[in-house]
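None of the figures in this text is laboratory data; all of them are computed from the coordinates on show. Please read these numbers as outputs of a predicted model, since none were measured by experiment. FYI the Cβ positions are ideal-geometry reconstructions off the backbone, even for glycines, and counts take in every protein chain you see.
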């Protein structure tokens, strides 16, 4: 179990300074679905003893609600910070807490700064019944408005992050960080099946299944948040300009034949996408997972700084790309597009994974999602083919009209070996088939498939 910090301790841990804000006074009761939850001492349901419980929680924590928010600086970056106090009725959400959450989202939008949330909650407050539960709808609407404004939301999941607070504020963020060993789950500890695997309710398991981007220990939180605020927030007035393609990491002559191009792309000593990312970015941070239960280790997506500017990236690392990888690429492209950050994709895959597990996980729909996310992006997308470009699994990451190739790369409608099989040719005709496919870098330029060969 992660250490349970109070709201004020969490604020002190991550901020350079903090100025608390107050939520606007809610309108009086009378509107449908908008009762005045704060007037009666025992709340909108008249729950016996609720007022006394609130008073005890206030004396114990020094807070008058489960949510605190205000303006803050994190590593020199301005933001609006919203923090849950778990000691106040388990960090639960009622009408007053909902008012503060909605006000925090609105404050970030009004100030044109990112929102950072530090979540520690057991869920909706049962003493306020359905009034408490409907706060999730209000938070979702506030999140929609923040996204429409093109502003990012970074969350940190403390212990515990469960129920509606996880399913809205936490899971709804653009980047999700979590403290190691924190409980992270929709189901709280007292309502889980008796035979449930306890590992499924941990930050580590949520990370392994694509729902959390990174596990960050408390001593590194301020640094991690400052980096993410830098990466997700372009400088004021900075227009999204297409990222320049990386330079080739080794010099070599262009291949004389198609089969020579294929062998060069498959050579173990050929520079891989990771080396290109290291050379291109001064600093970078990765997102992880497709938010649908999957992580593909053959794909890395994230944001970095190149020549002082934020650039999003999606890189295939040389393996067969799985459905989760394509969905993560689509997630990255859509987030970068919403924030106005240019995208760089690095292409290197023999093709999409085609085993039974990949088909059952939705290989076709996932590839379609990646194609669509690249096609609909308003922000500039630049692509570099650094190795193998196997069929649609590679083309799904390619920017139409702005794809480049290194001397080590090849693009092909299908692998030469598979083309020969389909054409019922013997194995010794694979090299000749590679020539016929016109897959060399210089062929791709001549065909208009790529803009040029990087040097």
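With a cut-off of 8 Å between alpha carbons and a minimum separation of six or more residues, what is the relative contact order of segment 414-455 in percent? Write out the running numbers ahead of the final one.
Numbers: 20 pairs, mean separation 11.2, N = 42.
Relative contact order for segment 414-455 comes out at 27 percent.
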Convex hull volume per residue for segment 240-300, taking Cα atoms only, in Å³: 162
Antiparallel bridge percentage (DSSP; both residues within the chain; nearest 5): 40
log10 of Debye I(q)/I(0), alpha-carbon scatterers only, for segment 204-292 at 0.21, 0.26 Å⁻¹: -1.13, -1.31
Listed peptides 409-422, 338-351, 241-254 by packing density, highest first (mean Cβ within 10 Å): 338-351, 409-422, 241-254
Rh (Kirkwood; distinct C-alpha pairs) - segment 7-232, Å: 17.6
Segment 131-190 shape via C-alpha gyration tensor axes, a/c threshold 1.5: oblate
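Which whole number of Å³ per residue matches the convex hull of the alpha-carbon atoms in segment 255-352? Numbers along the way, then the final one.
Values: hull volume 10.5 nm³, N = 98.
Convex hull volume per residue, Cα atoms: 108 Å³.
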Projected area, mean over directions - the chain, Cα convex hull, nm²: 24.4
Where labels lie 7 Å past Cα in the beta-carbon direction, separation of residue 208 and residue 48 in nm: 4.7
Sequence-separation-based contact order of segment 258-453, relative, with Cα cut under 8 Å and 6+ spacing, percent: 21
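Need one number: % antiparallel among DSSP beta bridges in segment 92-216, to the nearest 5.
On the way: 1 of 16 bridges.
Approximately 5 percent, going by the DSSP bridge assignments.
Which order, highest average first, do 259-271, 389-401, 430-442 follow once you tally other Cβ atoms within 10 Å for each residue and take the mean per peptide?
Values: 259-271: 17.8, 389-401: 21.8, 430-442: 20.2.
Averaged packing, sorted descending, gives the order 389-401, 430-442, 259-271.
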Modelled FRET efficiency - R0 30 Å, residue 58 with residue 223, Cβ distances, 0.05 increments: 0.35
Where the Cα pairs of segment 371-455 fall when distances are cut into 5 Å bins, in %: 3, 15, 23, 22, 16, 11, 6, 3, 1, 0
Relative contact order of the chain, pairs being alpha-carbon contacts under 8 Å that are 6 or more residues apart, as %: 11
Additional length obtainable on full extension of the chain from residue 425 to residue 189, 0.36 nm per residue less Cα span: 78.9 nm
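Give the Rg/Rh ratio for segment 258-453, taking Rg as the radius of gyration of the Cα atoms and Rh as the Kirkwood radius, to two decimals.
Working: Rg = 16.3 Å, Rh = 16.8 Å.
Result: Rg/Rh = 0.97.
Beta carbons within 10 angstrom, averaged per residue: use that to sort the peptides 179-187, 161-169, highest first.
Values: 179-187: 21.0, 161-169: 26.3.
Ranking the peptides 179-187, 161-169 by packing returns 161-169, 179-187.
How much length is gained if the chain between residue 267 and residue 112 is pulled fully straight, taking 0.36 nm per residue apart and subtracting their Cα-Cα distance, in nm to one decimal?
Result: 51.0 nm gained on full extension.
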Rg [Å, one decimal], Dmax [Å, integer] - segment 295-367, C-alpha atoms: 12.9, 44
